[in-house]
Every structure is written in C-alpha cells, then in structure tokens.
C-alpha cells in the first residue's frame, strides 16, 4: 500500500508561536492518520500572509501559491478551525475562498484539480457551533471537488457559554478522541481506494 | 403600561404528556417576561395536528389556523426548539413554513401582518447546535416581518457529544438563566416601544 | 460490474398527485445514474405518514420503517428537497431526524448501518437557498455515516425574489443538467468502489 | 427628530479602487436611509488593514480601532457583503469576530456597548447564498447586542450558477430595490424609537 499524504491547515486567528486548540486537534488527526499509512504536516495559515481573493495567485507577496502547492500534493486535506460566534474562523473562510479558484483548474487528465482528494474537518471552540462549522466547510470543499468520507469530522466544545479551551480541557478519549480515530480510518481507507481507482476523466 | 401578550411555541418532536426540555426553557422565558408586564401561554406544537404547507390554512383538519390566531394576538413570539443533528427540529421548520404565508398577509393599515411583533428564540440540546438554530430561526422570522430585540436568544447545550437533557442538567442561573433574563428585558422593552410607536404604514 | 441501487427521497411539502419540482430533479438524477449501472426508485415522503421522532420505529402506523428498509437496501441515497425560506423543507428535516437513529444501529460486521452508502443532494427553489440546504443535508448525513462523492449536489434556483418553479423554468442543460451528470458519475463511481472495497469493521 | 448616523461596512474581498457590487448595494441602502433623517458613510473594510482577532485592538498597525470608533458613533450598522461559496466573505467574518469583543464592553450606563444600535444586512452575489449570509450575520450581530428591525435585509443574486454581477445586472426596482426601501424605513423607525427610549440599564 502506497503511503499517502495529508495536509492540515490550522485556521486559528492567532499566529504561530501562540498555542492553538485547533492546531492541537489537527495534530491529533495527523497522528491518527499515521496509523493508516498516511504521513503529512501542519501549516498554521495565519503565519503565511495569505491574501483575500478567489484566484490561485493574488500576486505581490501572496502566501497562498506556496500553500496551494502542498494542497495539490496532498491526498487528504484536513481543515482544523476554531469556532467564533458559532461559525468558522475568518481564516478558514479565506482558505475556502482561495480554494474556490480550483473550480476552474483541471489536472493532466482534464479532471477538476481537487477530484480524488479527501477532505475532513476538525473543529474546536469554548462552546457551541461545531456542527454548523462542519456543514459550511463540507459544502464548500465538496463543491470544489473534495470527497467526504463517512464520519468525516471530529470536534470538541464545552457546555453552553463555557470558557475553557480544548488545549486546557484534558484528554477526551471517549468523545472527540474516538471521532478522531473513526475519521482517520475512513479518510485513509477512502484515500487509498481513490488512489487505486480514481474518478474517471469525463 | 399596557400588559402585552407572548406566545411560546414549543417545537419538541414529542407530544404533550412527555416532558420536554425545550418547553421547559420556553416556560422559563414566559416567567421572565411576566416581570415586564407580559403575560402569555405555551403551546406544544406537536399536539396540534399542524399540516405541512406554506399557506395560512391547509384545510381538512389542519391545526394551524387556531395556532395562527394566537400568533396574530401576540406581541412577542417565542420559538422554543430542541436541536437535532445541530439543526432546528422539523416541527420548528414546519412552523416557520406556515409563517411564510404571512408575507402575503397585511393588517388593517396595509402593513405586513407580522410587523410590530417581536420574536425571540430558546434552544436546548444535549450538545452543540444552538447558534445555528438561532441563526435560521431569526432569518426566517425576520424575513416575514418580526423584529429581533438585542440579545434575543437563550440556549443550553452540554459538552460535545454529551447525552444529558436540559431538564435533567440542574439550574443554570449564571449562563442560560442570565440570558433568559436579558432576553425578557429587551423583548418586553421593544414590544412596549412598538406598541406605543408602531412601524408606519407605507 | 454489479448493478447498484439508488433511492430518491422526494421531500416536497405536497402529497403525491401534485407535481413537484424537487421530485422532478430527483428523477433526473435517477435517470443520470442509470447510465452508470445504478437503478432505483423515487419515494414521495409526504405520502408515507412518517412520524416525527428520532427512532427507527415510532410505532402506531408510522410509515418510516417501510422507507427505512429501502434506505438499507440502497447503495446511493438521494435527498431531493425544495427550499423554503432559504432552508430545507420540514419534510427533509423529518427524514434526517429519523436517520439520526442509525447512529445506534450496526450492520452484520459491527459497522454503523449507513457506512458504505453514498449520499447526494438535489435542491430546487424559486430563489436563493441551495448552498445552505446542501450544507445542512451533507453535515447530517455524513454524521450518520454516509460518504459524499466529489461534486455531490445539483440545484436550481431563479433570480433573487423570483417566483418561477423549476418544473416550469424549461431545461437547464448547461447549469443544473451538467451538475446532475457530474453528480451521477462521481456517486456511481464511488458506490461501485465501496461495494468492492468497503470500509473495514473496526 | 434628531438626525441619526449609519455606517456601511463594505466587505468585498477587493480593495478600494475596484468597483464592488456589495459596496454599490451598501450605498443604495445609505441613500434610502437619507429619506428617513439618517446620514452616514461607507467604509471599504479591505482597505483598512484590519487584523484577525477577537479584541477591540490587536495592536501594531491594526486598522480596527479607527473603524470601531465609527461603529460606536453610529445608530445603524449596515453590513454589505458579497457571497462566496454560498457564505459571507471572509472580510465580513473578520468584522464579526472583531465585534465579538463588544460582549465585554459596556457604555457609560453599564449597558453592553452595542445595545441601542440597529443592524441591517445587504448581500449580493452572482448566484445563490443570500439567505444563509443574512442568517449568519444576524445571529452574530444580535448576539453582541444589535437589534434587527422588521425585514432587515436586502439582497440580489442571479439564477443558479449565474455569472453576472449586481453592478452589471441593471436596476432591480421591484425586487432588491423594494427591499432596500422597506429596510430603510424599518431601520430608521426603530433607530429613532431606541434613540428616544433606549433599553434600560440593568
């Protein structure tokens, strides 16, 4: 079985040196994927000077083209985002907007550039909002060609109006942790299946 | 100050004799409104044989016209709904669809029938989904003419993937309870203001 | 290649004899799937006396168990729903709530009952709302175990505040029609792949 | 009657000199408000070097504090946003996140800083997504204290999968234009009412 690649885009509003709960969940997903012949890396998007836009390259110091190369090289894309006001972070939205450009891109066989890639989502917040974040990210990524494996999300949030962060909440092996394992198993299985037997060119 | 009327529509999937967490939150909102010269009642929608549709009367035993009379008589509408799969209950959606008919109805001054009414939302679930439910209900009700007062929602959910119901979770005076009080104060204030000084006819 | 089965659940608010735009789109999806060794049928959900609830059988004349048998027998589930107020129909929401019960069900190998099934979505409305409907349906169905193929949706809506129905709008081969073909190709490919190589039991 | 102030935040992904359809709709809303004793201005957010974050001041060249001063001085906030992938722009989301900080701020009477302000929304896109954008913006702004007047939104989108921009689509007096007038009338009426009779301090 070929080793596949995953890319985790950590969509915290904060830059790199600060601890991020969403990046932590993203790393846990990457670790779980390693049990299924998938290796990869985590990128903190807020560090990369990504410009607002809906093209593959907004020019003039835009950090997206370098990130895009890694997306193109990946078999599995993991969006790891915090919840703000019950919604995905603006950094996650910026990433989705940049991926919107892929609707006009095709691979060497004429298939849309994101076909045959798997997408999964990890979401954390102090409180409420994960299901809606998952819904928005799935809809946007599927629209540009990503495939969503069974049980393709994992999340943690505290009780309503809570203030504790995931990174300080202690291990959650029976809830979020179990979802991470399920997600890694289905994502890796489906990525390997599509690697062997990709969607046909039209 | 005139006493105003509130109507709570409890949108549990369960019929009446069974305990409902969403109805409990609806009653707490009604109790809090009583401190601001607002009286009212709670209706369990699942008991009323409401038909699917988007008209004011779907005929043939439809229970909506009787509920609609109470909506028309109310100054404040409270939608109290459970969360299922991170989304409002189908019963709540059925209510919103029936209210869609009001876009074509006008009052005696030619104003849309729901103008000058206030809407607020109470949401409960074992876990995650409240913000999205609030978003959908606000958007739909505002579209048909309801006004949303500052801080017009109250909710409770447990930690991610939790299984405890609001009715069994014990009192939440510092979180959900505080929101109920805030919501009652703003809803009553705005309802009294619109009663004195309604939106003008066009 | 084995012939696979698709089930279209038409989620119009209207009962059977009345023409339904969402059912029309559902039938177009079924026709497109026939080009890829998939056969199936359309069920108008509003005709089936489905009860509100979140169990596999709500008893007492509940029409869901019969529909559920067909879901269990299908390889591809197509949710075809109208838009009301920018949101999925309450009938569609009722279907999602009934499918929520499948989180507690497993197949003969101990896998969740909906694993190895594909879900796609068809959405129609006079105007605006399709993306959000797709988001909510994907999130709910993926949560209970369905896999979403690349480009797994097709929709039609008119210009903002329009009043024309899809069934009266004339053919849309370059927009909605093209999406139907793409969706059928990816759904069938992935269903055949999962039939040969299902997600493993844990 | 006192003249009130409106602030339009144009949330295009594009910087200033480029024409923006969302800014055009924002200006139309401002013009309609002028008929009701409300004056104001339009800010193109993408020109202002706003930093990602959830505080009132992220330091180090952050453009938000200057924008925030204008929000604090306004009686009516207009969020004018494009639709990307059926969702609000990342620039709009960035604005909402910055306003999240206001939950911890109070005015001189101890009331939350955004109480007694009105919020309305203008949305444009080539196609589908307006209702969902409205839902998300209303929920976020109401949560931090804004009041939503009856019919508090206006939008334009083309037919499904369309490619025409609002600025090129020609006048829409009977649909979007009528909504702009309704919105201006209710927003101004409610802003004047709250100016005379604000929510009480707790």
*Would you mind telling me the antiparallel percentage of the DSSP bridges in the protein assembly as shown, rounded to 5?*
10
_Residue order, fewest to most surrounding Cβ atoms within 10 angstrom, among C:67, A:38, B:137, B:45_ = C:67, A:38, B:45, B:137
*At R0 = 35 Å, FRET efficiency that the Cβ-Cβ distance of residue B:31 and residue C:164 yields, to 0.05*: 0.15
*Kirkwood hydrodynamic radius of the stretch C:141-202, Cα pairs, Å*: 14.0
_Inside 10 Å of the C-beta atoms of B:76-88, what's the mean count of C-beta atoms belonging to other chains?_
4
_Label geometry 7 Å along the beta-carbon vector: residue D:202 inter-copy distances in nm_ = 3.7, 4.1, 5.5
*Label spacing, shortest first and in nm, from residue D:55 to its equivalents in the remaining copies (7 angstrom along Cα→Cβ)*: 3.5, 5.3, 5.9
*Kindly provide the pair-distance distribution of the stretch C:4-196 built from C-alpha pairs, with 10 Å bins from 0 and whole-percent values in order of increasing distance.*
10, 39, 37, 12, 1
*Pull up the DSSP beta bridges for the stretch B:4-196 and report the antiparallel fraction as a percent, rounded to 5.*
10
*Would you calculate, for chain D, the mean residue ellipticity at 222 nm contributed by helices, counting each DSSP H stretch of 4 or more residues as -39,500 (n - 2.57) and dividing by all residues, to the nearest 500?*
-11000 deg cm²/dmol
*For chain D, modelled as a Gaussian network with Cα springs under 10 Å, which listed residue fluctuates most, D:22, D:113, D:12?*
D:113
*For peptide D:89-96, compute the average count of partner chain beta-carbon atoms within 10 Å of each residue's beta-carbon.*
6
*Inter-centroid distance (Cα atoms) of the stretch A:63-123 relative to the stretch B:123-149, Å*: 29
*Between B:126, B:116, B:49, which gets the highest mean-square fluctuation from a Gaussian network model of chain B, Cα cutoff 10 Å?*
B:49
_Sort C:147, B:106 by Cβ crowding within 10 Å, fewest neighbours at the top._
B:106, C:147
*Just how far, in whole angstrom, is the stretch C:1-54 from the stretch A:159-175 if you go by their alpha carbon centroids?*
41
_For the C-to-D rotation axis, chain C residue with nearest beta carbon and its distance in angstrom_ = C:132, 2
*Calculated label separations, residue D:164, copies of the chain, 7 Å along the beta-carbon direction, nm*: 1.1, 5.5, 5.6
*Select from D:154, D:119, D:140 the residue whose mean-square fluctuation is largest in a Gaussian network model of chain D (Cα-Cα springs shorter than 10 Å).*
D:140
*Per 10 Å bin from zero, what fraction in whole % of the C-alpha pairs of the stretch A:10-108 is there, up to the bin with the longest pair?*
15, 45, 33, 6, 0
_Along the Cα→Cβ direction, 7 angstrom out, place labels at residue D:202 and residue A:48. What is the inter-label distance in nm?_
4.1
*Provide a whole-number value for the mean count of partner chain Cβ atoms within 10 Å of the Cβ atoms in peptide C:184-196.*
3
*Tell me, what is a quarter of the convex hull surface for the C-alpha atoms of the protein assembly as shown, in nm² with one decimal?*
31.1
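Quick note: the coordinates plus some simple rules give every number you see, no bench work behind them. This one's a predicted model, so the numbers in the text were calculated from it and none came from an experiment. With ideal geometry, Cβ positions are generated from the backbone for all residues, glycine too; neighbour counts draw on all protein chains shown.
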